[in-house]
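Peer 1: Got a structure here, written out as structure tokens. Questions coming.
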Amino acid sequence: MKKLVLLAALSVSSTSFAHSQADGSHLQFSSADCKVSFQNDVRITPDELLITKSNDQGKLRITESGTIFINGEQIALNHDQQRTVMNYADELRGKLPQVANIALDGIKVAGVALDEVAAAFELQEFGSLSTLLEEVQVEVRDTFYQQGAFIMGEQAFNDFGNNFEQQFEERIESAIEGAMMESIGSILMAVGSQMVSSGGDMEKFEQRMENMGQQIEEKVELQARNIEQQAHALCDQFAVIAQTENQLKEQVPALSGYQLFTLKH
């Protein structure tokens with residue numbers, strides 16, 4: 001029961017942002033339902049927004065005033081174009097960091113499951129699992145926040161995906177084994193207490209355990225569904241940004257090739 005609940009919760013942050021290289025080049029933002037794929041790299045600081053082509057063959061810099069530079073050369077914009085660029089940059093500043101926030105929320109859901117299991121067995125903590133969750137939180141933050149800037153791109157997302165998809169399952173398995181070894185005495189005492197409360201009736205005991213597991217799963221699943229809904233909503237907002245990028249590209253041809261999102265057909 002404990003293992004299934006924890007694995008279900010911990011999978012939220014990875015499945016919400018699972019990536020696919022179906023077309024061989026661009027990262028899929030989330031599930032198959034998402035209408036956009038992600039390309040290029042972006043770095044956001046309080047003063048500017050920097051988009052670098054994935055092949056490192058060009059850099060677009062957008063200042064907080066809406067002035068744009070491509071490879072260091074300023075691109076002339078009229079008033080309307082500059083306002084559109086500023087609105088676009090504001091959208092990226094507001095929406096892109098939500099990717100990291102949703103991933104961190106997924107880890108918090110795992111923490112909720114962990115706390116519920118510990119409380120059910122009257123344990124102080126699962127040391128190995130608590131440590132693992134803290135490590136994963138640090139990894140997520142380090143993936144998206146570097147040297148005072150928010151960073152997102154194909155390479156960053158590849159690294160993020162690899163950490164979750166290739167390493168996380170093995171790590172959680174190992175941590176669960178360690179936590180069980182650390183707490184085996186307390187768990188056995190708690191199980192014994194539950195059996196005594198059931199008057200030695202195994203069917204009654206099994207039912208109590210099943211009810212306990214169901215309650216934990218329901219609490220975790222509710223929060224997991226909320227996170228999934230946030231991820232889908234964010235994906236839809238990225239589709240709107242992709243349309244804005246297409247309009248910008250038509251207004252300012254020099255911006256061609258610097259878009260972050262591509263609408264899937």
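Peer 1: Return the residue satisfying two criteria in turn: it lies in the range 241-265 and is under 22 Å from the mean Cα position of the chain (by Cα) and of a type outside the set (F, W, Y), and of such residues it is modelled with the lowest pLDDT.
Peer 2: K264
Peer 1: Give the range 58-87 a look and list any residue that's closer than 15 Å to Y258 by Cα and either among the basic types (K, R) or open to solvent by less than 80 Å² (accessible area, probe 1.4 Å) (or both), or say none.
Peer 2: Matches in the range 58-87: G58, K59, L60, R61, I62, I68, F69, I70, G72, I75, V85.
Peer 1: When you look at L96, is it surrounded by 18 or more Cβ atoms within 10 Å (Cβ to Cβ), within 22 Å of the chain's Cα centre (by Cα) and within 18 Å of P46 (Cβ to Cβ), yes or no?
Peer 2: For L96, the condition - surrounded by 18 or more Cβ atoms within 10 Å (Cβ to Cβ), within 22 Å of the chain's Cα centre (by Cα) and within 18 Å of P46 (Cβ to Cβ) - is met.
Peer 1: Here's something else I'd like to know. A119 - would you say it is modelled with pLDDT under 85 and surrounded by 20 or more Cβ atoms within 10 Å (Cβ to Cβ)?
Peer 2: Answer is no for this residue.
Peer 1: Which residue is farthest from the chain's Cα centre (by Cα), if the candidates are limited to the range 218-240 and must be among the hydrophobic types (A, V, I, L, M, F, W, C) and open to solvent by 60 Å² or more (accessible area, probe 1.4 Å)?
Peer 2: Per the stated criteria, the residue is V240.
Peer 1: For the range 38-71, name all the residues that are under 16 Å from P97 (Cβ atoms) and either touching a residue at least 24 places away in the same chain (Cβ under 8 Å) or of a type in the set (S, T, N, Q) (or both).
Peer 2: Within the range 38-71, F38, D41, V42, R43, I44, T45, L49, I51 meet the criteria.
Peer 1: To continue, here is another question. Identify the single condition in (1) in contact with a Ser or Thr (Cβ under 7 Å, 6 or more places away or on another chain); (2) in contact (Cβ under 8 Å) with a residue 40 or more places away in the chain; (3) not small (G, A, S) that Q74 does not satisfy, given that it satisfies every other one.
Peer 2: (2)
Peer 1: Next question. Can you spot a residue in the range 125-135 that is modelled with pLDDT of 90 or more and either farther than 19 Å from A242 by Cα or polar (S, T, N, Q) (or both)?
Peer 2: Within the range 125-135 (the criterion being modelled with pLDDT of 90 or more and either farther than 19 Å from A242 by Cα or polar (S, T, N, Q) (or both)), the answer is no, since none of the residues qualifies.
Peer 1: Pull out all pairs, ordered by first then second residue, where Cβ-Cβ is under 9 Å, the residues are six or more apart or on different chains, the first lies in the range 244-265 and is within 13 Å of V85 (Cα to Cα) and part of a helix (DSSP H, G or I), and the second is open to solvent by 50 Å² or more (accessible area, probe 1.4 Å) and among the basic types (K, R).
Peer 2: So the pair list comes out as L255/K249.
Peer 1: Determine if the range 208-217 includes at least one residue that is over 34 Å from the mean Cα position of the chain (by Cα) and either at pLDDT 85 or above or of a type outside the set (A, V, I, L, M, F, W, C) (or both).
Peer 2: yes
The values are calculated or read from the model by the stated rules, or taken from the named source; none is laboratory data. From a predicted model like this one, the values you see are computed outputs, not experimental measurements. Note: ideal-geometry Cβ built from the backbone for every residue, glycine included; neighbour counts use all protein chains shown. Just so you know, the surface numbers come from the protein's heavy atoms only, side chains and all, with ligands and any DNA or RNA stripped out. Shrake-Rupley method; radii C 1.70, N 1.55, O 1.52, S 1.80 Å.
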